[in-house]
Every structure is written in structure tokens, then in C-alpha cells.
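A short worksheet on the structure shown next.
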There are 2 protein chains.
Amino acid sequence: MTSLESATNPAHEVPDVSQLVVGVLGGTGDQGRGLALRLAKAGQQVIIGSRDAARAEASAAELGVGVRGADNATVARESDVVIVAVPWDGHAAILTALREELSGKIVVDCVNPLGFDKQGAYALKPEEGSAAQQAAALLPDSRVTAAFHHLSAVLLQDESVERIDTDVMVLGDDREATDVVRALAGLIPGMRGIYSGRLRNAHQVEALVANLISVNRRYKAHAGLRITDV
Amino acid sequence: MTSLESATNPAHEVPDVSQLVVGVLGGTGDQGRGLALRLAKAGQQVIIGSRDAARAEASAAELGVGVRGADNATVARESDVVIVAVPWDGHAAILTALREELSGKIVVDCVNPLGFDKQGAYALKPEEGSAAQQAAALLPDSRVTAAFHHLSAVLLQDESVERIDTDVMVLGDDREATDVVRALAGLIPGMRGIYSGRLRNAHQVEALVANLISVNRRYKAHAGLRITDV
């Protein structure tokens with residue numbers, strides 16, 4: 001498919017998201033900080049969250065580009081779209097605590113439940129099927145999507161890297177919500193947000209990070225995915 | 001990474017596989033026929049198998065390019081590398097029946113255990129973890145790998161398509177065996193075989209086909225995957 005065809009494929013159309021505030025829970029971690037940086041550089045209003053407001057503010061000041069910091073509950077309340085970039089260990093507890101603040105919001109889960117042993121990374125099997133389905137179960141009043149699983153936190157945070165050539169698989173059962181998330185992904189140079197199915201098919205997308213870790217070890221790379229023919 | 005760097009990354013080196021005979025179980029199905037065609041066009045000796053030898057021979061004659069046909073047991077016996085491209089339904093039974101013939105052979109499982117309902121495709125959860133792990137459990141004397149999951153059978157079989165720009169994720173616990181499979185994948189114009197982890201991480205690679213089916217529906221595409229930065 002040529003880029004012209006790609007540009008005219010109506011499935012690639014996205015809504016205007018320029019006025020939306022994006023919050024990042026776990027915004028002081030590597031993945032969260034990297035996403036906050038890239039979205040803020042693209043002109044989006046971004047607030048990063050932490051349990052400790054002072055820590056979030058300090059991390060935001062370091063990032064610059066207009067990023068603000070606050071405690072997780074404030075971030076959830078003041079954002080339209082909330083990216084969940086917390087460790088899998090704390091995932092259920094944080095979402096349970098923020099259920100009310102996240103009500104009505106678009107939630108973007110990007111958590112990869114992985115275990116590690118001598119042979120490397122392997123996929124954990126959350127009881128609900130996936131981290132994203134756990135989020136959906138804990139947040140019945142939110143619009144839960146899943147995305148941003150396969151991005152290298154190293155590349156995201158490296159400001160000398162201008163383009164990150166990779167696609168963002170966006171999953172969810174709410175079309176409008178996945179369209180917003182696709183739009184946000186597409187703001188980052190080199191990235192496209194590609195709709196990639198319902199939440200019930202989130203496990204394999206999360207788990208695939210274990211394979212990318214194997215690729216990175218073998219090829220000494222920061223591997224990502226590009227979806228061909230779209 | 002430039003193509004020069006890619007070419008000089010020792011992780012991309014592959015052995016000479018030009019003398020190996022490749023068998024395809026389920027070689028009269030769309031996926032099997034497509035793989036047989038592409039490998040034979042690349043100069044490999046290929047035999048396709050079916051329960052019914054006459055059917056395999058007829059299908060081989062249609063394909064041309066030197067492809068031979070035989071019953072599954074003969075294919076397993078006469079091949080060095082055996083691609084398993086059978087429906088998930090018949091997977092365990094066929095492998096159990098061919099255990100002896102497949103002894104010592106490199107087995108390449110490319111089966112995707114999927115279910116379908118009104119909402120589309122979803123991943124099944126084999127008791128052993130994945131189709132590839134089921135193959136490894138049933139074939140303790142074979143060298144089981146997993147690969148070729150994400151290729152469009154439509155593109156594989158369409159001779160007007162000269163290049164298929166996609167990577168083949170190759171999994172396995174036997175380095176030499178995965179190197180052979182990477183080499184075979186790399187024979188097909190546009191493809192690279194990329195080592196992508198151990199068999200215990202095969203489930204998500206198999207299951208990701210459910211997501212690619214969603215991509216195909218939304219974008220009217222024949223989606224594949226390219227691994228970036230390798």
C-alpha cells in the first residue's frame with residue numbers, strides 16, 4: 001500500500017484531540033516519563049502522577065516542555081485521558097483506589113504483566129485475562145483501552161532520537177475511545193496508532209513484550225513493531 | 001539501524017540450508033500451499049503432505065516449481081525440516097501419529113489456535129500453553145520450533161506479489177534449529193527470520209493472529225509484522 005492509499009484509508013482518520021489533557025499514572029517511571037515527554041513535545045497538555053505529589057512535581061520540572069506533576073488522584077481528576085503506566089504489582093490497587101476519579105475518563109492501560117527468571121522474561125497470566133481486562137473489571141465507569149505496550153522506554157526518553165519508527169497497537173471495545181488513543185499515538189513522530197482488536201485480545205499484545213525482550217538481547221536492539229500493509 | 005549495520009550484525013548470520021528438504025504437513029491447505037510455493041520458488045526442495053497421497057500429488061502438480069506431494073508420513077520421513085501447517089483441530093492427532101517419522105527432524109509449528117464468534121477471532125488457550133509447546137510435548141525426539149504465524153495465506157499464494165514485506169518471528173529452545181528456520185524464512189523475498197524467544201513465549205505469538213485479523217477487517221489489509229531496529 002502506498003502512503004497515498006494509507007492517507008486516504010478512512011480507517012486512519014482520527015478526531016481532534018488537541019484540547020484534551022493527558023494524565024500519566026506512574027508518570028515518574030521510565031515508560032511514563034518517556035510517554036509524557038513525547039506527548040508534551042507534540043504539544044499536548046500533560047500531567048504526570050505519583051503517589052507523592054512532590055516527587056511528581058520534581059520529575060515534571062526535569063522533563064520541562066510544560067509537563068505538570070501532581071498526586072495520582074489529582075491527575076486522574078484533571079485529565080481527559082489517563083495513561084496507566086504503573087508496575088503490574090501495583091496495578092489493581094492503584095486502579096481500585098482511583099475508581100471514582102477515573103469515572104467517565106478514557107483510560108489507556110499500557111502495563112505488561114511479565115515475570116523474569118534465568119531464561120529471561122515470560123508472560124504472566126492475569127486472572128481477568130490481561131492487565132487491560134483487569135482495568136476494565138475494576139473501572140466499570142471508565143472507557144478502558146490498551147495501547148503503548150511495545151515502545152522502548154530508552155528511546156522514548158532519549159531526546160536525541162527524533163523519530164521512533166513503530167506502530168502503537170490500540171485495543172478497546174469503545175470505538176470513540178480507541179480513536180482518541182490512536183490520535184494521541186499518531187502525534188509522536190514516526191508512530192501510528194493502529195486499531196488492533198477488542199480488549200479480550202489484549203493478553204497477547206501485552207505478553208509480546210517478553211518476545212521483544214528476547215529480540216533486544218539477541219540483536220542488541222530496542223525492538224518495536226510496525227504493522228505492514230496498513 | 002541502517003541496512004549496513006543490519007547486514008553486519010552477527011545475530012543475523014544464518015547457516016547454508018540449500019541442501020535441506022522441507023516438508024509441509026497440511027501442505028494442501030492455504031497456508032501450507034503458500035509456504036511451499038514461496039520456498040520452492042526460492043530454490044528449496046519441497047514436499048507437501050496430506051492424509052491422502054493422491055490429493056497431495058495433485059496439489060503439488062498445480063503448484064509446479066518442482067514441489068512434490070506425498071502422504072504425511074512419507075513427507076515427515078523424507079524431509080529434514082517439517083513445517084506443521086495443519087488446522088488446530090487436528091494438530092495433536094497428526095503429531096502423535098507421526099512421532100516416529102519426525103524423530104530427529106526440525107519441526108516448525110505455525111499453527112494458530114483461534115476461536116471465532118460474532119465479535120471476530122479470539123485466542124484459544126492450549127493446555128500445554130501453546131500449539132508449539134503441545135508439539136514439543138508430543139514430539140520429545142524432535143527439534144521443535146515455531147514460526148511463520150503472521151503471514152497472509154492470500155499474499156503467499158498470489159504469484160503477482162513478488163515481495164512480502166514482513167518479518168517471521170522464530171521461536172525455539174534449540175539455537176541451531178532456530179538458525180535453520182531463520183535461514184529458510186530469509187529465502188522469501190521481503191522476509192527476514194528474527195529470533196524471538198523460547199517456546200514458552202510462543203502463545204502470544206500464535207494468538208496475535210487474532211489481532212491481525214481485527215486489523216485486516218478495519219483497514220481492509222493483509223497485515224503482517226515488521227520488527228523495527230533490528
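Select, from A:Arg33, A:Arg55, the only residue that is over 17 Å from the mean Cα position of the chain (by Cα) and not aliphatic (A, V, I, L, M). It is A:Arg55. The residues of segment B:151-173 that are surrounded by fewer than 22 Cβ atoms within 10 Å (Cβ to Cβ) and either in contact with a Leu (Cβ under 7 Å, 6 or more places away or on another chain) or not in a loop (DSSP other than H, G, I, E, B) (or both), listed by number, are B:Ala153, B:Val154, B:Leu155, B:Gln157, B:Val161, B:Ile164, B:Asp173. If you go through segment A:69-80 and pick out every residue that is assigned to a loop (DSSP other than H, G, I, E, B) and open to solvent by 20 Å² or more (accessible area, probe 1.4 Å), you end up with 1.
When A:Gly27 is tested against (1) closer than 22 Å to A:Pro189 by Cα; (2) small (Gly, Ala, Ser); (3) open to solvent by 10 Å² or more (accessible area, probe 1.4 Å), only condition (3) is not met. Annotation note: of A:Asp71, A:Asp141, A:Asp52, A:Asp117, the sole residue that is under 25 Å from A:Leu208 (Cβ atoms) and without any contact (Cβ under 8 Å) to a residue 60 or more places away in the chain is A:Asp117. Confirm whether B:Ile83 is of a type in the set (Val, Ile, Thr), modelled with pLDDT of 95 or more and assigned to a helix (DSSP H, G or I). No: the conditions fail for B:Ile83. Only one of the numbered conditions (1) modelled with pLDDT of 95 or more; (2) surrounded by fewer than 23 Cβ atoms within 10 Å (Cβ to Cβ); (3) not in a loop (DSSP other than H, G, I, E, B) is violated by B:Gly129, and that is (3). Among the residues making up segment A:177-188, a single one is free of Cβ contacts under 8 Å to residues at least 60 places away in the same chain and either of a type in the set (Val, Ile, Thr) or surrounded by fewer than 24 Cβ atoms within 10 Å (Cβ to Cβ) (or both): A:Thr178. Applying the set (1) more than 15 Å from the chain's Cα centre (by Cα); (2) in contact (Cβ under 8 Å) with a residue 40 or more places away in the chain to B:Gln204 leaves exactly one unmet item: (2). Of A:Val180, A:Val205, A:Val209, A:Val154, all but one fail to be more than 22 Å from B:Leu212 (Cβ to Cβ) and either within 12 Å of chain B (Cβ to nearest Cβ) or among the polar types (S, T, N, Q) (or both); the exception is A:Val154.
Is it the case, given these coordinates, that A:Ser18 is closer than 21 Å to A:Thr178 by Cα and modelled with pLDDT under 95? No: the conditions fail for A:Ser18. You will find that of B:Arg163, B:Arg175, the residue that is touching a Gly at 6+ places or on another chain (Cβ under 6 Å), more than 8 Å from chain A (Cβ to nearest Cβ) and over 27 Å from A:Leu171 (Cβ atoms) is B:Arg163 and no other. Given the condition open to solvent by less than 20 Å² (accessible area, probe 1.4 Å), modelled with pLDDT under 95 and of a type outside the set (S, T, N, Q), answer yes or no: does some residue in segment A:35-53 qualify? Checked segment A:35-53: no residue is open to solvent by less than 20 Å² (accessible area, probe 1.4 Å), modelled with pLDDT under 95 and of a type outside the set (S, T, N, Q). For segment A:189-202, a residue qualifies if it is facing chain B (nearest Cβ under 7 Å) and either touching a His at 6+ places or on another chain (Cβ under 9 Å) or assigned to a helix (DSSP H, G or I) (or both), and the qualifying residues are A:Ile194, A:Arg200, A:Asn201. For B:Gly120, the requirement of being over 17 Å from B:Asp109 (Cβ atoms), open to solvent by less than 10 Å² (accessible area, probe 1.4 Å) and either within 11 Å of another protein chain (Cβ to nearest Cβ) or not polar (S, T, N, Q) (or both) is met. Filtering segment A:217-230 to residues that are out of contact with any Ser or Thr (no Cβ under 8 Å at 6 or more places or on another chain) and either more than 7 Å from chain B (Cβ to nearest Cβ) or among the hydroxyl-bearing types (Ser, Thr, Tyr) (or both) leaves A:Arg217, A:Tyr219, A:Lys220. Looking only at segment A:148-188, residues that are in contact with a His (Cβ under 6 Å, 6 or more places away or on another chain) and among the aromatic types (Phe, Trp, Tyr) come to 0 in all. Candidates are the residues of segment A:193-230 that are among the basic types (Lys, Arg) and over 19 Å from B:Val170 (Cβ atoms); the one that is surrounded by the most Cβ atoms within 10 Å (Cβ to Cβ) is A:Arg198.
The values are calculated or read from the model by the stated rules, or taken from the named source; none is laboratory data. These figures come from a predicted structure and were not determined experimentally. Backbone-built Cβ (ideal geometry, glycine too); neighbour counts: all protein chains shown. For accessibility, only protein heavy atoms count, side chains too; no ligands or nucleic acids. Shrake-Rupley method; radii C 1.70, N 1.55, O 1.52, S 1.80 Å.
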